[in-house]
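Have a look at the structure below before the remarks.
The values are calculated or read from the model by the stated rules, or taken from the named source; none is laboratory data. Since the model is a prediction, treat every value here as computed from it, not as a measurement. As a convention, Cβ positions derive from the backbone with ideal geometry for all residues, glycine included, and neighbour counts pool all protein chains shown. Ligands, DNA and RNA are stripped out before the accessible areas are found, and what is left, the full protein with its side chains, is counted by its heavy atoms. Shrake-Rupley method; radii C 1.70, N 1.55, O 1.52, S 1.80 Å.
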Amino acid sequence: MAAGCRLNTAVEGRAYAPLSSRIYAARLACRCSAAPEETGLLAGCQAEVLDSEGRVLAAAALTELRIDARLGRQPRRLEFPDGTVFETEDHAAIEALTGPVRGSWLHSMEQFRPRLIAVAAAALAGIWLVWRYGLDMLVAAAVMITPAVAVQQIDSGMVQTIDYALAEPTGLSKQEQARVTEVFETLLAHAGEPPKGAGFQLLFRDMPGMGPNALALPGGTVVMTDAFVEQFPDEDVLAGVLGHEIGHVAEQHGLKQLYRSIGLYVVVAFLAGETGPLMEDVLLEGNVLLSLRYGRGHEASADSYGVRLADRAGYDPEGLKRFFAEVQGQAGEPPEWLSSHPNHATRLEAIDGHIRALGR
Amino acid sequence: MEKSATGFEFRGNAKEWFGIWIVNLLLSILTLGIYSAWAKVRRNKYFYNNTYIEGRNFDYHATGGQILIGRLIVVGAYIVLNVIIGLFPMSAVVVLPLLIVAIPWLIVRAMMFNARMSSFSNVRFNFTGGAGSAFVVFLIYPILTALTLYTTFPMLERAIKRFSINNHKLGTAPFVLDAPLKPFYTALFAALAWFLAVGAVLFVFAQDSVFQVMTNQNPDPEEVLIWIAGFYGVFFIGVLPAAVLYQALVRNAVYNHTVLAGGHRFRSNVSARALLWIAVTNLLAVALTLGLMLPWAQVRLARYLAGHTGVALGGSLDEFVGTQQTKTSALGDAYADIEGIDVGLPV
């Protein structure tokens with residue numbers, strides 16, 4: 001159906017004068033210099049808003065009107081160049097006037113018809129894809145464009161924070177430090193190239209309250225507590241745990257976790273929009289639990305990396321296992337879904353699997 | 001609400017909004033998020049258009065293009081700044097303080113953009129707040145409030161609401177919020193009282209295990225579980241309802257002391273209990289349907305809020321006059337969008 005004036009009877013509605021909130025009962029009339037059926041053009045058509053006494057409030061060529069896209073049952077608004085606004089609930093008449101536009105396709109898609117089930121299914125599938133693959137791709141892209149200096153900056157900043165808030169200088173003797181560092185160097189010799197921007201270094205700190213512990217920063221700084229070296233002098237155990245930490249750096253877990261939590265937040269904010277009270281708190285809380293799950297995946301992956309690296313470097317791959325078996329009984333654990341690390345029992349079982357996979 | 005007040009009315013329905021929402025969602029995903037700018041326009045337009053008082057409704061006029069450009073600029077600036085700080089770490093000393101000063105400016109731009117893109121009965125809103133007062137309200141006052149250990153938090157709350165409302169206009173007609181401090185303190189004390197009461201009850205029940213967990217170096221995993229359950233209990237029964245209670249009381253206080261030039265006095269009688277009931281049941285419905293009931297939940301909340309908001313009219317609504325507007329960019333709006341800052345007027 002060609003658009004244009006085919007209005008023998010005028011469209012009833014309301015009008016506002018420019019910049020005024022006063023409402024007039026009004027109607028819209030339209031006439032063309034040539035029959036639109038013949039020319040197919042709106043150019044020759046003139047639209048007019050008339051008040052109840054027939055006075056012309058505004059007039060303009062049909063092509064000069066600003067007509068917002070249709071949205072639900074909401075009145076259509078037609079704005080004349082001088083600012084006069086005409087609004088009406090007579091959707092059919094306006095549709096006839098404008099013909100099919102981009103907005104009418106959208107409006108027809110949005111109708112609550114069986115077809116909408118397909119749209120909903122596609123949207124759910126899309127969300128699943130974004131969640132399953134899209135976020136990872138986003139994270140990978142972000143990791144790729146992160147400048148090397150920025151990664152080093154994170155490391156030096158975090159070491160400063162740790163030194164300020166958590167750690168004392170190490171109390172280990174030079175020989176002990178050298179012994180552990182040698183294990184670290186041996187492992188590195190068998191590890192692949194470090195990722196862009198990462199430079200490995202091993203630091204020792206006395207961290208009261210942290211127990212036997214080691215942690216890796218994104219730029220390749222690995223921090224080991226004095227308590228660890230004192231409780232686990234066994235080089236196979238050291239190799240397993242240091243291999244685990246090298247795994248975190250090699251697989252860029254730190255950056256990935258950082259970007260993933262930001263990415264998830266942005267995606268949820270853009271897709272869900274305003275959710276009202278309560279729901280946004282719960283969404284944030286759910287985000288935390290999900291990122292914990294993501295972190296547990298990384299721990300498992302680093303375990304596997306550590307076992308394989310220790311083996312390649314000539315250490316007993318059982319070392320990491322001995323460590324977890326030892327600490328298992330030492331402290332209670334929260335339920336796994338609330339923890340950033342998998343439970344020791346789960347890890348021991350998985351490590352057994354990795355060792356078997358080495359073919360011994 | 002008093003008899004003489006004219007109520008707001010929300011005419012949207014869940015079916016219709018579901019259709020618009022799900023198409024928004026699908027197109028946003030298919031276009032890798034680009035369409036979400038247009039989706040935002042459609043969402044705002046739907047909720048504005050469907051809010052009526054005396055047969056007149058609101059409208060939203062921003063275009064998707066404006067919002068997309070604003071977002072691109074903000075994201076671009078964010079990346080550029082990160083790269084600069086990454087390459088020249090020392091520049092952070094200069095860049096970060098500059099950013100902190102820029103935030104109030106961006107907040108003001110966001111409020112201006114949102115106001116100018118909104119209209120009621122063919123008259124656009126406007127926002128005239130300056131970045132200087134925004135700096136004081138959003139950066140200096142919070143620091144002062146922290147110095148008083150948050151005992152003056154209601155003053156901060158009132159200052160923020162005043163800054164927002166007193167700088168808004170409908171055409172040439174200003175809004176004025178002139179509220180005493182008392183209702184703001186009442187809201188805070190009511191929320192605190194709820195939180196403390198819940199905390200006390202839970203403590204009495206879980207006293208033994210709390211002590212055991214806190215004094216025992218190697219607690220039994222089951223005890224830890226109870227402790228964590230207690231933590232979530234406090235969060236869901238103590239903190240969240242207290243927050244809803246606070247929001248409801250503050251909303252009522254703000255509306256009931258706001259006047260639009262022409263003698264139009266706003267009224268709100270939202271009840272915390274009803275709001276909490278809606279929030280909890282909405283949450284359950286949305287969670288149980290993988291989010292598909294979100295449009296229904298949003299419509300339900302909008303309908304409740306509109307139904308408990310009104311205006312004691314001081315005269316005809318025909319008399320508002322708009323002003324010619326200069327162009328505003330969506331830059332600040334995009335920033336507020338991304339940072340999740342909520343500075344809008346609660347309608």
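A few remarks follow.
- Efficiency of FRET between residue B:95 and residue A:189 - r from beta-carbon atoms, R0 41 angstrom, step 0.05: 0.55
- Remark: for residue pairs A:256/B:15; A:256/A:321; B:45/B:182, the C-alpha separation exceeds 30 Å in A:256/B:15; B:45/B:182.
- Averaged over the residues of B:38-50, the number of partner chain Cβ atoms lying within 10 Å of the residue Cβ comes to 3.
- The GNM of chain A, with springs linking C-alpha atoms under 10 angstrom apart, assigns the highest mean-square fluctuation among A:142, A:150, A:310 to A:150.
- If R0 is 60 Å, the Cβ-Cβ spacing of residue A:179 and residue B:139 corresponds to a FRET efficiency of close to 0.70.
- Averaging the sequence gap over all C-alpha pairs within less than 8 Å and six or more residues apart, then dividing by the number of residues, gives region A:147-357 a relative contact order of 21 percent.
- Solvent-accessible surface (1.4 angstrom probe) belonging to residue B:31, in square angstrom, nearest 10: 50
- Top of B:240, B:30, B:181 by mean-square fluctuation, Gaussian network on chain B, Cα under 10 Å: B:30
- Put the Cα centre of region A:133-183 next to the Cα centre of region B:1-74 and the gap is 45 Å.
- Based on Cα contacts under 8 Å between residues 6+ apart, chain A shows a relative contact order of 11 percent.
- Principal-axis tilt of helix A:135-145 within chain A, Cα atoms, nearest 10 degrees: 70
- Once the Cα gyration tensor of region A:11-109 is diagonalised, semi-axes √(5λ) in Å: 21, 18, 11
- Of the solvent-accessible surface of region A:11-109, computed with a 1.4 Å probe over protein heavy atoms with every protein chain present, carbon and sulfur atoms account for 53 percent.
- Cleavage-rule hits, chymotrypsin sites (Phe, Trp or Tyr not before Pro), region A:89-172, DSSP coil, Cβ neighbours within 10 Å at most 16: A:112
- Residue of A:166, A:203, A:97 that the Gaussian network model of chain A assigns the largest fluctuation, springs spanning Cα pairs under 10 Å: A:97
- Accessible-area ranking of A:204, B:138, largest first, probe 1.4 Å: B:138, A:204
- The label-point distance for residue B:4 and residue A:132, in a model that sets each label 7 Å from Cα toward Cβ, rounds to 6.3 nm.
- As a length-normalised measure over Cα pairs under 8 Å and 6 or more apart, the relative contact order of region B:27-174 settles at 19 percent.
- Accessible area buried, both sides summed, chains B and A with 1.4 Å probe, Å²: 5500
- For the pair residue B:196 and residue A:345, a Förster radius of 35 Å applied to the C-beta separation gives a FRET efficiency near 0.35, rounded to the nearest 0.05.
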